[in-house]
Amino acid sequence: MDKKIYIYNTLSLSKELFKPIDEDRVLMYVCGITAYDLSHIGHARAYITFDIIYRYLMRLGYNVIYVRNFTDIDDKIIKKANDENSTVEKISSKYIGEYHKDMDALYVLKPAYEPKATETISEMINLASGLIRKGNAYEINGDVFFRVSSFKGYGKLSHKNIDELIAGSRIPVNEEKENFLDFALWKKSKEGEPSWDSPWGKGRPGWHIECSAMSMKFLGESIDIHGGGSDLIFPHHENEIAQSESYTGRNFVNYWIHNGFVNINSEKMSKSLKNFITIRDVLDKFHPEALRLFFMFTHYRSFIDFSFEGVESAKQSLLRLYQAVNLYGEFKKLIGENRITLKKEDFSAKAENIENYTNDFYNSLSDDFNTAKALSVIFDLVRRTNKMINDSIAQSSINSEDALFLDSAAAFIKESLTGIFGLLNENPKRFIESNSADIAADGGGEDSISGEEIKKLIDERNEFRKNKDYGSADVIRKLLLEKGVVLEDTGFGTTYKFTGTKRQ
RNA sequence: GGCGGCAUAGCCAAGCGGUAAGGCAGAGGUCUGCAAAACCUCUAUACCUCGGUUCAAUUCCGAGUGCCGCCUCCA
């Protein structure tokens, strides 16, 4: 497999050939959540994006060391703890637990390390002390600030000019700081706040310092990939670069990857706008894989407009994928029962080559993780295999080349969708049964008739059908439909479902 | 005010110098006693507008219009 991949680097605003520091190893750090509330779909997009990047790099054979942190000490957590008469520790551990539940539900793989800021305090103090020693930071009454003017690369990630930032500033300048751009590495604690001893008295860490400390602790001074939502570019990541590179004198990160935002009605989702949707809100109504697929249909760097209709559309697509896997299973069964004969001597003039598809698929993902394009390759393949299978069922035979192609196609679809995209984790039959398209209709439903009654009527109807008394059979079909029950005659017997909106 | 992004069929969305992937929805068909489900086929004289460069532009350049984001905590 060709390992040559291109990644869009926020630092250069262009795609670059990816070259890890160590040939076979990738050091990756992704900014995690501040644990003070349920995670929203913006978090879901970010962590699903990096989950796919993680899975794909591993698929290419890299040993990926993935670190994703938790911010468990911060103003918002303190406020929540005060509001709820609780403690910072209780609040943060509660929401870290909820976050893990969400990530597990979404099939997001666990990183190798999930450090918490509060477990890295001494490393942060060391960093801040070192920066003061080097003249990159200064202390004022127990607060420690980073001196932005001491780092000449400031603004290289967000492509901002320091002078313009100052000129455009509408932020009231903190009188204590030398410069309004200077940011806190360490904050003096107020009464009743959690605090740690430091050379500057009791206090707690500033936000930006934690990621530098945790990244260095687990991955070293220079790493390959650092990622997060595009809102983190400034000031968070810009500040991380400033403090890390000032401290080590080395390049902090080679590739900066940022995912686009989730919007609601074309506007940024945010708490102040009250257009906030949690991961739970979506999983109440849809299968987690539908959400994953919804995100994958759009390139990770574009903003994405969230809507339940969009997830519904993705769910239908997901169903198509499951149907294809199921159809292949049925086909193999027919082969096993000799109901389709394998014609060994037959060779088709233009045998399909699975590599045409796999190459397109890998090339798409290697071009800045273009999941939308890679998916189109999968759907093309699905159409091709569906047709091949249906044709062979119709003819009760298949030539050995096509059969071989089907086997490799099925294996490829399964391994790429499950292994790289984190889809098709369910048993196909069960998924299809519980997700069949709903019939929109008013009235009826589970309250109007019992399962026993329905089964009795189905038996009666099938008796009529056996005797070819279709008129009476249809009377029962109609009767049940009025009660909101739809009958479906399948090869395995008659099944039923309720009309109205069923939620999966 | 400064910086940046986006504008492709009914909807979503790839592509980005050589004449428009894919998904959803819709329409036809196969199958079925009828139906449903499934599957197959079809569905953009051309990619916001106006100029320019080019043999050739949706794709590059310029101007304009519209939407959005960052410059403050935020995935």
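Residue-by-condition table, conditions (1) modelled with pLDDT under 95; (2) within 16 Å of RNA strand B (Cβ to nearest atom); (3) within 18 Å of A:ASP391 (Cα to Cα):
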site	(1), (2), (3)
A:LYS333	yes, yes, yes
A:LYS343	yes, no, yes
A:ALA351	yes, no, yes
A:SER366	no, yes, no
A:THR371	no, yes, no
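Within region A:295-326, the set of residues being under 15 Å from A:ASP281 (Cβ atoms) and more than 6 Å from RNA strand B (Cβ to nearest atom) comprises A:PHE306, A:SER307, A:PHE308, A:GLU309, A:VAL311, A:GLU312. Within the option set A:LYS177, A:LYS187, A:LYS160, being in a strand (DSSP E or B) and either in contact with a strand residue (DSSP E or B) (Cβ under 6 Å, 6 or more places away or on another chain) or within 14 Å of RNA strand B (Cβ to nearest atom) (or both) holds for one residue only, A:LYS187.
Matching residues to (1) surrounded by fewer than 17 Cβ atoms within 10 Å (Cβ to Cβ); (2) more than 9 Å from RNA strand B (Cβ to nearest atom); (3) not assigned by TED's automatic domain parsing to the domain that holds A:ALA324:
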{"residue": "A:ILE340", "(1), (2), (3)": "no, yes, no"}
{"residue": "A:ASN356", "(1), (2), (3)": "yes, yes, no"}
{"residue": "A:VAL377", "(1), (2), (3)": "no, no, no"}
{"residue": "A:ARG383", "(1), (2), (3)": "yes, no, no"}
{"residue": "A:ASN386", "(1), (2), (3)": "yes, no, no"}
{"residue": "A:ILE393", "(1), (2), (3)": "yes, yes, no"}
{"residue": "A:SER396", "(1), (2), (3)": "yes, yes, no"}
{"residue": "A:ASP407", "(1), (2), (3)": "yes, yes, no"}
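Is it the case, given these coordinates, that A:TYR247 is out of contact with any helix residue (DSSP H, G or I) (no Cβ under 9 Å at 6 or more places or on another chain) and more than 12 Å from RNA strand B (Cβ to nearest atom)? Taking the combined requirement at face value, the residue does not satisfy it. With respect to (1) more than 22 Å from the chain's Cα centre (by Cα); (2) in contact (Cβ under 8 Å) with a residue 40 or more places away in the chain, the lone exception for A:GLU23 is condition (2).
Pairing each residue of region A:257-268 that is under 14 Å from A:CYS31 (Cα atoms) with any residue that is among the charged types (D, E, K, R) and within 6 Å of RNA strand B (Cβ to nearest atom), provided the two are 6+ apart or on different chains, yields C-beta distances under 7 Å for A:ASN259/A:ARG45.
Just one of the numbered conditions (1) away from RNA strand B (no atom under 14 Å from the Cβ); (2) touching a residue at least 12 places away in the same chain (Cβ under 8 Å) is not true of A:MET58: (2).
Inside region A:11-33, residues that are at pLDDT below 95 and either crowded, with 22+ Cβ neighbours inside 10 Å or in a strand (DSSP E or B) (or both) make up a count of 4.
Looking across region A:482-493, the residues that are within 8 Å of RNA strand B (Cβ to nearest atom) and at pLDDT 70 or above come down to A:VAL486, A:LEU487, A:GLU488, A:ASP489.
The values are calculated or read from the model by the stated rules, or taken from the named source; none is laboratory data. All values derive from a computational prediction rather than experimental measurement. For neighbour counting, all protein chains shown are included, and Cβ atoms are generated from backbone atoms with ideal geometry for every residue, glycine included.
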